[in-house]
Amino acid sequence: MAIETKLTIFLNKRKWIIPLLFGFMCFYLVLTITAIEIKGFQNLDMLFGFSIGGELCAIIVAIMLTISILPAYKRQSGYIRIFVTLLTIGCSCCCMDTLQMLVDGVPELAALNKVLSIFVFANEIVFLFFFWLFVTYALNSEGKSTRILTTIASLAFLGFTLLPFVNFFYPIYFTISDAGVYARNASTWWICRIYLVLIAIFVIIAVFLSKAPRKTKIIILAFMFLPFTGLLIARFRYGVSLLYTAMMISLVMIYSFLFSDNEKTLYSTNKELGLATNIQKHMLPSIFPAFPGRKEFDVYALMDPAKEVGGDFYDFFLIDDTHLGLVMADVSDKGVPAALFMMASKIMVQNYALIGYSPKEVLTKVNKQICSNNQDEMFVTVWLGILDLKTGILTASNAGHERPIIKRPDGHFEVVNDKHGFVVGWLAESVYSEYEIKLEKGSKLFVYTDGVPEARDNNGQFGMERTINSLIKYEDLSPEEICKYLLSDVNSFIGSNNQFDDITMLCLEYRGYDEEEYHIIIPANKNDLSPGIQPIVDLLERFGSDHKIVYKVEVAVEEILANIASYAYSTDDGEIDIKYHIEEPTRTLFITVTDSGKPFDPLAKKDPDTTLSSEERSIGGLGIFIVKNTMDDIKYLRKDNKNILIMKKKV
Amino acid sequence: MNIKQKKEDKKLTLLVSGRIDTTTAPEFLEHVKEAVVGVEELVLDFADVDYISSAGLRVILFAQKTMNAQSGSMSVAHVNNDIMETFELTGFTDILNII
C-alpha cells in the first residue's frame, strides 16, 4: 500500500487526531507567548522582533482556521485531516523558530539553542513532506508517476530529517558560538534547502501531470512561490526568518481559495447521501406493533445502518388475509447506487409476492428482471418466506443469503440448513428451489444479514456461535426484545470499533391460528349480547383504534344484535353468527352477521324523523338509524334462507 | 347498571351508573315507571353512565313523554362526550333539556 494511503487511513481511523493536533497548536501558541513574555522584546534585534511577530500571527491564524473547519472534520474527509496535520507541523516550525531566535545570544542557553535549531531544520522537512502529500490529495493525483515521486519524497524525507541531527557532532548547518550566538556554516548550510527545492520541483511536475481543474493548478503554483520569496529575502539577511510565516500564509491561501469550494460540493453530496439514507429508512416498515389486530403472529425487525448508505433491507407484508410475506436481503455494494438497487429489489420482490407467486417463482422472476438490465454488476442475496397463517407452513426460498434460525416450541434456536440458490442479479439462468417448514404454535423464526455474525471487535467476529447463544438466552422473550437485546449484545461486542456493515434482523413469533378468534356464534338472547360484542371491542382496542370509533362500533354492533334477537326468531333457540376481521392495509373492520330467522331487511325500514318533538316521536326505530350513521357501509343479503348483514368501518 | 335515587319534595334525581344497553334498559324502564309517579321535576344524572344504546334512548324518550304528560319537567345532567354524540345523531339534543 502506498504511504499516503496508509497515512490517510491512519488519520481517518483515529477520531482523536484532530482534537490532539488542535491541542498541540494551542500548546505551541502558549509556549511561544510564554517565551516572549519571559525574554521580553528589549535587547532583541528589530528584525528578530519582526519575524517573531509574523510567526506568532501564523500560529494564531492556523488555530482559527482549524476551528472554522471543524464542521468539515466531522464529515470525516481525508484531506481535512492531512491539512490540519500540516497546519500543526507549521505551527511547530513557527514555535521552534521563535524560541530559537529568543534564546539566540544567551550564553547559558547555548545547548538549548543548538537543540532548537536542529529541530527547526528537521521540522521544515516534515512540513514539506506533508505539503507534498497534501498537494497530491488536492490534485487528486493517483497515477504511477505520482507514486514514484511520493516514494522518492518519502526516502529523501527520511534522509533529510536525520541530517540536521548530524549537527550534534559536526557543524553541517550551523555553529553556536560560546556566546550562544547562532551562525550558519557558510559552505554547507544550503544542503538543508535541497529538500525544499526537490518538493517544489515535484509539485510543479505533479501540477502539470494532473488532470485537476486549471484553477486548482494555478492556485497551488501561485501560492507555492510565496515561501520562496521569503527564502530569497532570508538568503540575503539572516534574522529575517520569513520562511515559516510565508509557508503558513500560502497554506491558508490555498485552503481558502481551493477547499472552501470543495467544501460546498462535499456538503451538498453529504446532504444527498443523508436524503438517500432517509428515503431508504422510510421504505422499510418501521411502525410497531406492525399488525396489532393480529393475534396469530408477532413480527419485529430492525436495521442498524453503518455510517454509509448500506444495502440491507428487510420487509414484511400481508399478501392476503392468511399469508404473510417475510424478506431479508443484502445488496453486495454500498452507497447511493446500492441504495437504489435495494429499493428496486425490495419493490420487485414485494410486487411479485403480492401477485401470488410462490417464493421460488418470485426469486426467479426478480432475478431475470434484474439481470436483464444490471450493468453495475451488483447483486443481492435474498431470503424470502411466505407464511400460511392458518397452517403455520412457511414456504421459503434462499438466494445466497444467511440461513434462517428457528426455535421450535419445545426446543432452542437452531440454524436451518436450507438449500441455497445463487445470488439474485448475476445469472439470468439461475433456478431457485423452495422448501417448507411447519411452524407449530409458539415457534419463532429469526432471519438476519451478515452484519450480525460478521460484526467485528479488535480480535475477530461476533460469529454464529455467539449469535445463537444470544438468541437462546432471549428465546422466551418477544420478537422485539429478542432483536433489541441481540443488537445490544452485538454492539457491546463491537465496542468502540467502527461498525462497518449494516446490522439487520427480523424476528417472527407464530402463535397459531385460532378460527374461533374471528368467528363467534351466540344465542339470540336479548339478555346477554356481550359475548358477541366484546371480542370485536377487544380487537379494536388491540389494534389501537381511537376510543370514539371503538365506542361507536360497540353501539352499532349491539343495535344489530339486539334487532336480530328481538325480531328474527319466534323460538328461543335461534343463533347469531358473527364473523369479523380487520384488513390491515386499509385499516377497515369487516363484520358479517348472519341469522337463520325470518326474512328481514333492517335497511328497508324508513329512518325516524329526528327533528320531531318528543310528543310526536315514536319510541323505537333508532337502533338501525344509529348503525346506518355509524358504519361506512352496510349491505343486506338474503341467501340460503339466511339474513346476512355485512358492515364496513374504517378503524 | 345501577340506579340510586334522591327525592326532595317533588324533585326526583336518578343517579344512574354503568351501561344502559339492550340488557339493562328494561330494568331502567321499570325503575323510571315506578319512580316518576307524582314527580314534578325529574333529573337524570348521567355522570357515571359510560354507555348508552337505542334501548336506553327509548327509556329516556319514554320518561320525557311521561313528564310532559304530567306537566312536569325533565333534565339530563352530566352527559359524557360519547353519549352526547349519540344524542346529537338521534336528534335528542333538541328534545331534551341537557344540563
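Are any residues in region A:417-456 β-branched (Val, Ile, Thr), in a loop (DSSP other than H, G, I, E, B) and surrounded by 15 or more Cβ atoms within 10 Å (Cβ to Cβ), and if so, which ones? Break it down stepwise before answering.
Looking only at region A:417-456, we keep the residues that are β-branched (Val, Ile, Thr), and these are A:423-424, A:431, A:437, A:447, A:449, A:452.
Subsequent filtering for residues that are in a loop (DSSP other than H, G, I, E, B) retains A:423, A:431, A:449, A:452.
Answer for region A:417-456, where residues must be β-branched (Val, Ile, Thr), in a loop (DSSP other than H, G, I, E, B) and surrounded by 15 or more Cβ atoms within 10 Å (Cβ to Cβ): A:Val423, A:Thr449, A:Val452.
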Single residue of region B:5-28 satisfying the filter (touching a Ser or Thr at 6+ places or on another chain (Cβ under 8 Å) and more than 14 Å from chain A (Cβ to nearest Cβ)) that is farthest from A:Val627 (Cα to Cα) = B:Lys7
Residues of region A:599-643 that turn out to be aliphatic (A, V, I, L, M) and farther than 22 Å from A:Leu539 by Cα, as a count | 7
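Quick check on this structure: which one of A:Phe157, A:Phe129 is without any contact (Cβ under 8 Å) to a residue 60 or more places away in the chain and under 20 Å from A:Leu87 (Cβ atoms)? I'd like the intermediate steps shown before the answer.
Details: A:Phe129 fails: without any contact (Cβ under 8 Å) to a residue 60 or more places away in the chain.
Going through A:Phe157, A:Phe129 in turn, just one is without any contact (Cβ under 8 Å) to a residue 60 or more places away in the chain and under 20 Å from A:Leu87 (Cβ atoms): A:Phe157.
Residues are listed down the side, and each one gets a yes or a no for (1) in a loop (DSSP other than H, G, I, E, B); (2) at pLDDT 95 or above:
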site: A:Val336; (1), (2): no, no
site: A:Lys346; (1), (2): no, no
site: A:Gln375; (1), (2): yes, no
site: A:Leu384; (1), (2): no, yes
site: A:Leu387; (1), (2): no, yes
site: A:Gly411; (1), (2): yes, no
Considering region B:57-69 alone, what residues qualify as being facing another protein chain (nearest Cβ under 7 Å) and under 10 Å from the mean Cα position of the chain (by Cα)?
-> B:Leu57, B:Arg58, B:Leu61, B:Phe62, B:Gln64
If you take the residues in region B:29-55 that are buried (at least 22 other Cβ atoms within 10 Å of the Cβ) and at the interface with chain A (Cβ under 10 Å from one of its Cβ atoms), which one is farthest from A:Glu554 (Cα to Cα)?
-> B:Ala55
Search result, residues across region B:5-25 that are among the acidic types (Asp, Glu) and out of contact with any helix residue (DSSP H, G or I) (no Cβ under 7 Å at 6 or more places or on another chain) | B:Glu8, B:Asp9
Residue ID - farthest from B:Gln64 (Cα to Cα), chosen from residues in region A:599-628 that are more than 7 Å from chain B (Cβ to nearest Cβ) and in contact (Cβ under 8 Å) with a residue 60 or more places away in the chain = A:Val627
Do you know which of the residues in region A:505-560 that are more than 30 Å from B:Thr90 (Cα to Cα) and of a type in the set (Phe, Trp, Tyr) is surrounded by the fewest Cβ atoms within 10 Å (Cβ to Cβ)?
-> A:Tyr513
Consider A:Cys507 against the criteria (1) assigned to a helix (DSSP H, G or I); (2) in contact with a Phe, Trp or Tyr (Cβ under 6 Å, 6 or more places away or on another chain): it satisfies all of them except one. Which criterion is unmet?
-> (1)
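Go over the candidates B:Leu57, B:Leu12 one by one and state the one that is among the aliphatic types (A, V, I, L, M) and in contact with a strand residue (DSSP E or B) (Cβ under 8 Å, 6 or more places away or on another chain).
Exactly one of B:Leu57, B:Leu12 is among the aliphatic types (A, V, I, L, M) and in contact with a strand residue (DSSP E or B) (Cβ under 8 Å, 6 or more places away or on another chain), namely B:Leu12.
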So which pairs qualify, if the first residue must be in region A:523-549 and within 11 Å of chain B (Cβ to nearest Cβ), the second must be among the hydroxyl-bearing types (Ser, Thr, Tyr) and part of a helix (DSSP H, G or I), the Cβ gap must be under 7 Å, and the two must be at least 6 apart or on different chains?
-> A:Lys526/A:Ser566
Mind checking which residues of region B:70-99 are facing chain A (nearest Cβ under 9 Å), out of contact with any strand residue (DSSP E or B) (no Cβ under 9 Å at 6 or more places or on another chain) and not in a loop (DSSP other than H, G, I, E, B)?
-> B:Asn81, B:Glu85, B:Leu89, B:Asp94, B:Ile95
Could you tell me which numbered condition A:Ile576 fails, if it satisfies all but one of (1) without any contact (Cβ under 8 Å) to a residue 24 or more places away in the chain; (2) within 14 Å of another protein chain (Cβ to nearest Cβ)?
-> (1)
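One line per residue, one yes/no per condition, for (1) surrounded by 15 or more Cβ atoms within 10 Å (Cβ to Cβ); (2) at pLDDT 75 or above; (3) assigned to a helix (DSSP H, G or I):
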residue	(1), (2), (3)
A:Phe202	yes, yes, yes
A:Phe208	no, yes, yes
A:Lys211	no, yes, no
A:Ile218	no, yes, yes
A:Ala222	no, yes, yes
A:Met248	yes, yes, yes
A:Val252	yes, yes, yes
A:Ser256	no, no, yes
A:Asp261	no, no, yes
Hey, A:Ile393 hits all of (1) aliphatic (A, V, I, L, M); (2) loosely packed, with under 14 Cβ neighbours inside 10 Å; (3) touching a Cys at 6+ places or on another chain (Cβ under 9 Å) but one; which does it fall short on?
-> (3)
Could you tell me whether A:Cys507 is in contact with a Pro (Cβ under 7 Å, 6 or more places away or on another chain) and more than 14 Å from every other protein chain (Cβ to nearest Cβ)?
-> yes
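The values are calculated or read from the model by the stated rules, or taken from the named source; none is laboratory data. Owing to the predicted nature of the structure, the values given are computational and were not obtained by experimental measurement. Glycine gets a Cβ as well: all are built from the backbone with ideal geometry, and neighbour counts include every protein chain shown.
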